[in-house]
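So the structure is just underneath, and the comments pick up after that.
Please treat every number below as a calculation from the coordinates, not as lab data. Please read these numbers as outputs of a predicted model, since none were measured by experiment. Ideal geometry is used to build each Cβ from the backbone, glycine not excepted, and the neighbour counts take in all protein chains shown.
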Amino acid sequence: MKEIISFDDFSKVDFRIGTIIEVNDFLKAKKPAYQLTLDFGELGIKKSSAQITNLYTKSDLLNRQVMAIVNFKPRQIANFVSEVLVLGVYNNEGNIVLLKSSNPSKNGEQIR
């Protein structure tokens, strides 16, 4: 378990729902990954890198709503700038399973 944080610390993290609108192979990544383009409504279009090629095809991901953290500093990964962190959890086989809403939501909606 990680260190205990305050609610104020947690409230600084901006969790949002976004829709994946474009998926490309990330050929320069060290591990197999996709470059994702996501629509966050009023927050705009953001990009992310995700190592999820074991469980998801590009067509599986297109138009899928996912949860992401949108207020991390952008991170340079090879020749790509990742602006948001798409959230997932490891399954029993060690693959990342994306977190998503159980019902469609408005893009950019804050997760509370």
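For the stretch 82-112, a residue qualifies if it is more than 17 Å from Phe40 (Cα to Cα) and in contact with a strand residue (DSSP E or B) (Cβ under 7 Å, 6 or more places away or on another chain), and the qualifying residues are Gly88, Val89, Tyr90, Asn91, Ile96, Val97. Residues considered: Lys31, Lys46. Of these, the only one that is more than 19 Å from Leu99 (Cα to Cα) and not aliphatic (A, V, I, L, M) is Lys31. Within the stretch 79-95, identify whether any single residue is aliphatic (A, V, I, L, M), farther than 19 Å from Val13 by Cα and out of contact with any Pro (no Cβ under 9 Å at 6 or more places or on another chain), and answer yes or no. So far as the stretch 79-95 goes, no, none of its residues is aliphatic (A, V, I, L, M), farther than 19 Å from Val13 by Cα and out of contact with any Pro (no Cβ under 9 Å at 6 or more places or on another chain).
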